[in-house]
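Reviewing the structure listed below.
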Amino acid sequence: MGTSVTVLSTNDPVRVYQEFSTLDAVSDGRAQLVLGRASATESFPLFGYDLADYDRLFEEKLDLFLRLQREESVTWSGTTRAALVNETLHPRMRPGGIPTWIGVGGSPDSVIRAAKNGLPLMLAIIGGRPQRFVGHVELYHRALAQFGHGVLPVGQHSLGLVADTDEEAVETWWRYWRPLVAQLARERGFYAPTRERYEAELEHGALFVGSPETVARKIATVARDLRLSRFDLKYDIQHLPRQARAHSIELLGREVGPRVQELLAKEPAHV
């Protein structure tokens, strides 16, 4: 249990720690966390942060968060929040903290940061061919070795929907994805959604939309190409009916997951 990504730069590390230590306790150890710098920057002015401090905010707050996870009593000082002196937080996470990934949207610096801190890498791929991230994965493994860490997992986070048939999934997702992307295009200068672009994303890009067999085969392909240990499907989107979301979860666990394992057993990823 966790979030697609928690934007640590505009969050307080102490609050994030306490929220996730609580989630970990009530879920009986099932909590995980993906930390990122933010691909969209709207939250910075909302919370009174200067975009000029984009990198420093994340660096300092990540340092504090990892120390809160790894140390019983923390003394810390920096420029982005008040100092701590011999503070012990409650409820405590398990020793070493919960599984924590670094979310990366394409920055090589973020890849190296994940390796330097000995944290697993989560590739947030929401558009374009996933295989363009092969170089990031190779960089990550080289950096892990240079920083003296062993092999760590690489995951991918992408959008999609599983339905009984390809046609049902494609038409359902298009109905709710198109207006959302049109809104983002107006607000952020993204490309306007067209059916042609949509179908290209389905065939070669980062939309995992289709029947269980279609989605499983696409996941298995990127797992091999990117040497993935984990794949997260973000199935929710604005106004998508609850029934479609619930059925997607059911199919993902009952049919897609086992089929991906079967396909990778025949031709495994190079993890």
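The values are calculated or read from the model by the stated rules, or taken from the named source; none is laboratory data. Please read these numbers as outputs of a predicted model, since none were measured by experiment. A quick note on method: Cβ atoms are made from the backbone with ideal geometry, for glycine too, and the neighbour counts reach across all protein chains shown. Just the protein is used for accessible areas: all its heavy atoms, side chains included, with ligands, DNA and RNA removed. Shrake-Rupley method; radii C 1.70, N 1.55, O 1.52, S 1.80 Å.
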Let me spell it out: the conditions are (1) at pLDDT 95 or above; (2) more than 24 Å from R142 (Cα to Cα); (3) surrounded by 19 or more Cβ atoms within 10 Å (Cβ to Cβ), and W101 meets all of them except one. Which number is the exception?
(2)
Residues in the stretch 12-28 that are open to solvent by less than 50 Å² (accessible area, probe 1.4 Å) and either polar (S, T, N, Q) or touching a Cys at 6+ places or on another chain (Cβ under 6 Å) (or both): how many?
2
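Are there any helices (runs of 4 or more DSSP H) wholly within the stretch 152-271 with 1 or more residues that are surrounded by 15 or more Cβ atoms within 10 Å (Cβ to Cβ) and among the acidic types (D, E), and if so which? Write out each step before concluding.
Working: elements: 166-188, 195-204, 212-226, 242-251, 257-266.
The helices (runs of 4 or more DSSP H) meeting that bar are 166-188, 195-204, 212-226.
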If we scan the stretch 126-133, do we find a residue that is touching a helix residue (DSSP H, G or I) at 6+ places or on another chain (Cβ under 7 Å), open to solvent by 50 Å² or more (accessible area, probe 1.4 Å) and among the aromatic types (F, W, Y)?
no
Find the residue count for the stretch 134-151, including only residues that are open to solvent by less than 20 Å² (accessible area, probe 1.4 Å) and under 17 Å from A206 (Cα atoms).
1
Return the residue satisfying two criteria in turn: it lies in the stretch 29-58 and is among the polar types (S, T, N, Q) and closer than 19 Å to E19 by Cβ, and of such residues it is surrounded by the most Cβ atoms within 10 Å (Cβ to Cβ).
Q32
